[in-house]
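*Asks:* Dumping the structure here so I can ask a few things about it.
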Amino acid sequence: MRTFTYTAPSSVAEAVEAIAAAGDGAKFLAGGTTLYDLMKLGVERPPALVDVSRLAELTAIDTSGDTAGGDHLVFGGGARMADVAADPVVRRDYPVLSESLWRAASQQLRNMATVAGNLLQRTRCPYFRGTEYPCNKREPGSGCAAREGIDRGSAVLGTSEACTAAYAGDWPVALVAFDAVIDVVGPRGERTVALADLHREPGDTPHREHTLDPDELVLRVRVPVTPAGRGSTYLKIRDRESYAFALASAAVGLTVGAQGLVEECRIALGGVATRPWRARAAEQVLTGRPLTDETARAAAEAALAGARAGTHNGFKIELAERTVVDALRIARGRADR
């Protein structure tokens, strides 16, 4: 067993002080549903844990849309996935957010996992989690076993020669589609990061997965209020209906004008990319046009433009295109209510 120190601060300020004092490699602990798992596998080996799971100041949920920083829904970083998914305003006005959480894990995990921790979960690539294989994400410079192995679950968008691991999350896909931001704090103070700028493509440094510093803590997630929330959905395709990660997913939001033309369109993809993937080219295809079978298919093809298949995952391209088309149809039905 590898030893580590454990600290349970009583405030965010104390947590920031504790992580700074703990030094390199220290980790914040919230729900623990990913970190404990990776520690048991030997993938994560933190010398110190700073437990923020009991900090009430991180658990607030405000769906009034009337906030000091503008019209946003606000979710504390320590809010549980189950609580946000079940919020009546979120379910009614932003089904894409609720569905991305409901479909992300079992009820037991949703009861423990936090919305900020979910943002930073690591890939489920078996070559990353299996320490007997070379993995540039786990050990920089060691190689990528997935390239010569079974890459059925690997990404087809945003890959590099160093890494093809797919991003595993659902909630961040919905957030990036709706221009969410996060407020973070660390020893150098507070700052705001757009979800679109949080996750990194692997490039030559796949071990650097996001743009946060190791000693920064997510205080809250903020989602701008938009009428496209009503006409939204998160559609997730997987090998089995529950407790499985996405082979392909789509977060979609629409508003449709009186003439039947799409006024606002938001599309993001999951399961097929190395990070939450905003499909802006697909959005442009639909904006100002009617949503028909033809335009939906054109948008879906634009969303997957530039996809690169590996040995076993080429099916994901067509699957993702069909997922986008089906999600657009669902969103259109909700937008018309």
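*Asks:* Are any of the residues in the stretch 307-315 in a helix (DSSP H, G or I) and of a type in the set (Lys, Arg)?
*Replies:* Within the stretch 307-315, the first condition is being in a helix (DSSP H, G or I), and the residues that meet it are 315.
Applying the additional criterion that residues be of a type in the set (Lys, Arg) yields none.
Among the residues of the stretch 307-315, not one is in a helix (DSSP H, G or I) and of a type in the set (Lys, Arg), which makes the answer no.
*Asks:* Can you tell which of Ala279, Ala244, Ala305 is loosely packed, with under 15 Cβ neighbours inside 10 Å and under 17 Å from Val173 (Cα atoms)? Before the answer, list the steps.
*Replies:* Details: Ala279 fails: loosely packed, with under 15 Cβ neighbours inside 10 Å; Ala305 fails: under 17 Å from Val173 (Cα atoms).
Being loosely packed, with under 15 Cβ neighbours inside 10 Å and under 17 Å from Val173 (Cα atoms) holds for just one of Ala279, Ala244, Ala305, which is Ala244.
*Asks:* Looking at this structure, is Arg191 surrounded by fewer than 19 Cβ atoms within 10 Å (Cβ to Cβ), without any contact (Cβ under 8 Å) to a residue 40 or more places away in the chain and over 30 Å from Arg308 (Cα atoms)?
*Replies:* Yes; evaluated as a whole, the condition is true for this residue.
*Asks:* Evaluate the stretch 65-75: report whether one residue or more is surrounded by 22 or more Cβ atoms within 10 Å (Cβ to Cβ), at pLDDT 95 or above, over 20 Å from Glu190 (Cβ atoms) and assigned by TED's automatic domain parsing to the domain that holds Leu212.
*Replies:* Checked against the condition, which is being surrounded by 22 or more Cβ atoms within 10 Å (Cβ to Cβ), at pLDDT 95 or above, over 20 Å from Glu190 (Cβ atoms) and assigned by TED's automatic domain parsing to the domain that holds Leu212, the stretch 65-75 yields no hits at all.
*Asks:* Being part of a loop (DSSP other than H, G, I, E, B), of a type in the set (D, E, K, R), over 12 Å from the mean Cα position of the chain (by Cα) and over 21 Å from Arg45 (Cα atoms): is that true of Glu132 here?
*Replies:* No.
*Asks:* Is the stretch 281-292 home to any residue that is of a type outside the set (S, T, N, Q), farther than 27 Å from Asp197 by Cβ and under 23 Å from the mean Cα position of the chain (by Cα)?
*Replies:* Within the stretch 281-292 (the criterion being of a type outside the set (S, T, N, Q), farther than 27 Å from Asp197 by Cβ and under 23 Å from the mean Cα position of the chain (by Cα)), the answer is no, since none of the residues qualifies.
*Asks:* Return the residue satisfying two criteria in turn: it lies in the stretch 258-276 and is closer than 23 Å to Asp170 by Cβ and assigned to a loop (DSSP other than H, G, I, E, B), and of such residues it is farthest from the chain's Cα centre (by Cα). Let's see the steps before the verdict.
*Replies:* As a first pass, look at the stretch 258-276 and keep what is closer than 23 Å to Asp170 by Cβ: 264-276.
Now narrow it down to the ones that are assigned to a loop (DSSP other than H, G, I, E, B): 271-272, 274-276.
On the way: Gly271: 10, Val272: 12, Thr274: 11, Arg275: 8, Pro276: 6 Å.
Ranking the qualifying residues of the stretch 258-276, first place goes to Val272.
*Asks:* Out of contact with any helix residue (DSSP H, G or I) (no Cβ under 9 Å at 6 or more places or on another chain), over 29 Å from Leu319 (Cα atoms), at pLDDT 95 or above and of a type in the set (Asp, Glu): which single residue out of Asp204, Asp213 fits that description? Step through it out loud before you land on a result.
*Replies:* Numbers: Asp204 fails: over 29 Å from Leu319 (Cα atoms).
Asp213 is the lone residue from the list that is out of contact with any helix residue (DSSP H, G or I) (no Cβ under 9 Å at 6 or more places or on another chain), over 29 Å from Leu319 (Cα atoms), at pLDDT 95 or above and of a type in the set (Asp, Glu).
*Asks:* To continue, here is another question. Quick check: anything in the stretch 164-183 surrounded by fewer than 22 Cβ atoms within 10 Å (Cβ to Cβ), in contact with an Asp or Glu (Cβ under 8 Å, 6 or more places away or on another chain) and over 30 Å from Tyr133 (Cα atoms)?
*Replies:* Within the stretch 164-183, one or more residues are surrounded by fewer than 22 Cβ atoms within 10 Å (Cβ to Cβ), in contact with an Asp or Glu (Cβ under 8 Å, 6 or more places away or on another chain) and over 30 Å from Tyr133 (Cα atoms).
*Asks:* Quick check on this structure: which one of Val223, Val252, Val285 is assigned to a helix (DSSP H, G or I), of a type outside the set (Gly, Ala, Ser) and touching a helix residue (DSSP H, G or I) at 6+ places or on another chain (Cβ under 7 Å)?
*Replies:* So the residue among Val223, Val252, Val285 that is assigned to a helix (DSSP H, G or I), of a type outside the set (Gly, Ala, Ser) and touching a helix residue (DSSP H, G or I) at 6+ places or on another chain (Cβ under 7 Å) is Val285.
One line per residue, one yes/no per condition, for (1) over 26 Å from Ser53 (Cβ atoms); (2) outside any loop (DSSP other than H, G, I, E, B); (3) touching a residue at least 12 places away in the same chain (Cβ under 8 Å):
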{"site": "Glu99", "(1), (2), (3)": "no, yes, yes"}
{"site": "Ala104", "(1), (2), (3)": "no, no, yes"}
{"site": "Ala116", "(1), (2), (3)": "no, yes, yes"}
{"site": "Arg147", "(1), (2), (3)": "yes, yes, yes"}
{"site": "Val176", "(1), (2), (3)": "no, yes, yes"}
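*Asks:* Confirm whether Glu264 is among the acidic types (Asp, Glu) and surrounded by fewer than 16 Cβ atoms within 10 Å (Cβ to Cβ).
*Replies:* When the stated conditions are applied, Glu264 does not pass them.
Yes/no matrix, rows are residues, columns are (1) in contact with a strand residue (DSSP E or B) (Cβ under 9 Å, 6 or more places away or on another chain); (2) farther than 21 Å from Lys316 by Cα; (3) assigned by TED's automatic domain parsing to the domain that holds Lys316:
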site	(1), (2), (3)
Thr159	yes, no, no
Val181	yes, yes, no
Gly189	no, yes, no
Thr192	yes, yes, no
Leu198	yes, yes, no
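*Asks:* While we're on this one: If Ala8 passes every condition in (1) over 23 Å from the mean Cα position of the chain (by Cα); (2) hydrophobic (A, V, I, L, M, F, W, C); (3) in the same structural domain as Val90 (by TED's automatic domain parsing) but one, which one does it miss?
*Replies:* (3)
The values are calculated or read from the model by the stated rules, or taken from the named source; none is laboratory data. On a predicted model such as this, the values are computed, not experimentally measured, just so you know. Ideal geometry is used to build each Cβ from the backbone, glycine not excepted, and the neighbour counts take in all protein chains shown.
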